[in-house]
Structures are given as C-alpha cells and as structure tokens.
C-alpha cells in the first residue's frame, strides 16, 4: 500500500513540471473576443487586443484558454502568438523562468544545431542505395487505409480552403 | 540617400531573382556547347520542327514516369547530403501516415515515398513524383501524429500542385534544352542532371510565397480530410516561429520560406470559422512514434 502511494507521488512529481510549463506566455496576434467556452457562439467574457500579453492556461482543439490582465476566456488558436518554448519542453520553460526571460515576451528558442546548408546540398552526391532503401518502406493505398482504420481515423469530406478573402466570410 | 537605394536595389536584383536564371544560364551555355561541339550548325537550334521531333524528356508536360524519374534523382542527391535515419520502424511509420494523407489528395495514384533524414536542422522537402523528406530535427519537435500529418500534408501539396516542377519549367530552358539535348545525348539521366543542377541545390531554392501559403492551406485541408485534428500544421509553425531567425538550425528553412508568423496569419485569414464544424479530429499522440535517441 505504501509502495503504491510512493509511486503515485512520484508520478505526480514527474508530471508536475509539464503542468507548470503549460502556463505558457504569449500575445494576441489580432483583436478578438474572449468567450466563456471554446465555441464561436459561447458567451463573451471580454476582449482581446492586438499585441496584448496573455497567459495560456489551456487548450482544446482549435481553442486556447487564455488569461489577460483584464479578462479570461477562450479564443481561437490562430489569434495567439505563443511566446515561449514549445509546450512539453519543461526544462526549457524552467530555464526561461530562472534566467528571467519568461516575462519579457521576447523569448526565442534556440536549436543550437547546424542544419544542412546550401553548400552541402550543392555538393551532395547521388546515392542510389539510399533511394532504394527509402523506397523499400513504401506503403500501398490499401496499407494506408488499414493503418488509418487501426488508429480510428475516418476520411472526412472537406473542400480545399480558399485563399483569405476569396469568397465566404472571413 | 537615393544612391544607396539604387545600389541596394541593384544588389538585390542581381542576387535574388537571378539566382535561378544564373543556374539555368550556365546550363544553357553547356547545352549550346555540347550541341555545337559535335559539328552541328545553327539549324539544330531549338525551333518548332525540333520540338515536334521525338522527345526524350518533356518537362513542359512530363509523363507520370518522367515526373517520378526527376523526383527520384533529386531525392538521391538529397540523400547523398544526409542519409536516412537508421530506424526502420520510424521510416515505416512516416510512410504509413504519409500514405494515408496522400490518399486524400488528387494524386493518390503516385507511389508516395516518405523518409526522415539524419540532420538536426529543421526542414522538410518535396520532390516531383511523390518523394517527401523530413529532417530529424523537425521530427523531434513534433508531439503527435496530427502534427506529423500536417507537415507531410504541406509537402504533399507541393507535389500535387507541381510547385517545384513549375519553377523548373518557368525558365523555359527545360523545354528548349530538353528537346535538343535529348536528341544529342539520348540519355535521360544526363538530361535530368542538367535540369536539376548540381547535387541537391534545387532543395535550397525558394518557391513563390504564394506557393507556400497555398501548400499551407492545402496541408490543413488534407489533415482534416484524413480525420486528424486540423491544427497539426499551425501548431508546428507556432513552435518553429519561436526559433531565432539567425539560428543555424532553421536558417535554410527561414531563407526559403515566409516567416512562420506570416504563414500563420495567412492561414488564420483562410480558415476563419471554416473549421468550426470539424469536431472529431484525432491527434493520436499515443500512437506517435517517438525517436529512440535524444
């Protein structure tokens, strides 16, 4: 019984940082409305002003639960620019707080790695066996369908999104 | 002051747009040299008659086989720059997700191939004929299958709309050069090499901004059609957008693409409330294949 409690505590401790780092900072990309629930017809709880600083306290589908200095509510994911390291990177979040960068709203993550550059691409030599290897993993239409089915995915009818402002409401 | 602008304008015009032209200009030079070296005279220049002759490789209207052949060559060069990650389970998983997403496109007939390459830089590439490559650095940033689907869907869109092919075609050299070079050499391999330039440099070329925005819109659409949570791609863009512009891990990506913030803004305008009806999209975070190494 005691051992059980110990593991439970350990589990909670392990997940605590992830929960803590979920309180991500960000700012509003545009003027928008805050709502009581993550639906476009939910009751309005306040306004979001472009550039306004906010704290992200939750996420549900296309909606973010945010807190500004004046109000709290749900707003569309794309109305917000997230301002700290990606969620899930608990250590990075902790480091930001420790270095005092978290509150500046100008936090940028660094990868600290070197990517492929143009010179390397230009000098690359054709590798036939690598292409063959890549092609060996190829899946058929049916295999793709089966894989989707296993994950509970179902194809949805949906038209291509038109360019912004091309017909329909914005 | 005006002079500075003038110089700047000149510098820009001589560097940016002509970068492609210069490559192709060189190729054109080579092509002409190879034709004239064989003792041919001017009558062999590409004229109408020449175009109607049997073509070895037609880039203005490539066949499915030609498109695949071209993409295969580009991919082989790219794999020469960075090998596939040695993890069969990862490669298979990426092909499973990619295949399902590609099934929802107009080009489900293509034998789509997907791969993750061994570089920590953040990027993804597409080549004609259905070859799609994601870097390990980008894969590492993903949190669930919907995000992977979103990234692959963006690249699939480039292939579906022939964005890279169009860039090659735009230069005109392709039709021109392909026709009579084909006659001269009769070897598609050599011809393709002329078209794509040296190594995988074609992967470092920028597409039009509008092509990237289109691929983003189509990417979100294909993600939705596949039954995933629609915001996989925007979430990845949000994460990448936080990386400093001069960071070497994203420098090539940022150089060849509009800034993620611009892409998100465009997507927001296109999406509006159109996705409000999509309720049962899945993220499949549990099934998402996690990299073995850190």
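If the Kirkwood radius is taken over C-alpha pairs of the range B:218-294, then at 20 °C and 1.002 mPa s the Stokes-Einstein diffusion coefficient equals 151 µm²/s. Take each peptide in B:260-273, B:111-124, B:154-167, count the other Cβ atoms within 10 Å of every residue, and average; sorted highest first, the result is B:111-124, B:154-167, B:260-273. How much FRET efficiency would the formula 1/(1 + (r/R0)^6) give for residue B:205 and residue B:288, where r is the Cβ-Cβ distance and R0 is 41 Å, rounded to 0.05? The pair residue B:205/residue B:288 has a calculated efficiency of 0.85. Measuring spread by the Cα atoms of the range B:121-162 yields a radius of gyration and Dmax of 10.2, 29 Å.
How big is the range B:93-161 by the Kirkwood estimate over distinct Cα pairs, in Å?
11.7 Å
Take each residue of peptide B:118-128, count the partner chain Cβ atoms within 10 Å of its Cβ, and average: the result is 2.
When you count the other C-beta atoms within 10 angstrom of each residue and take the mean per peptide, B:194-201, B:275-282 line up highest first as B:194-201, B:275-282.
Over the whole of B:238-249, what's the average partner chain Cβ count within 10 Å per residue? Rounded to a whole number, please.
6
Readers should treat all values here as calculations from the given coordinates under stated rules, not as data from a laboratory. All of these numbers come straight from a predicted model, not from anything done at the bench. Every residue, glycine among them, receives a Cβ derived from its backbone with ideal geometry; neighbour counts consider all protein chains shown.
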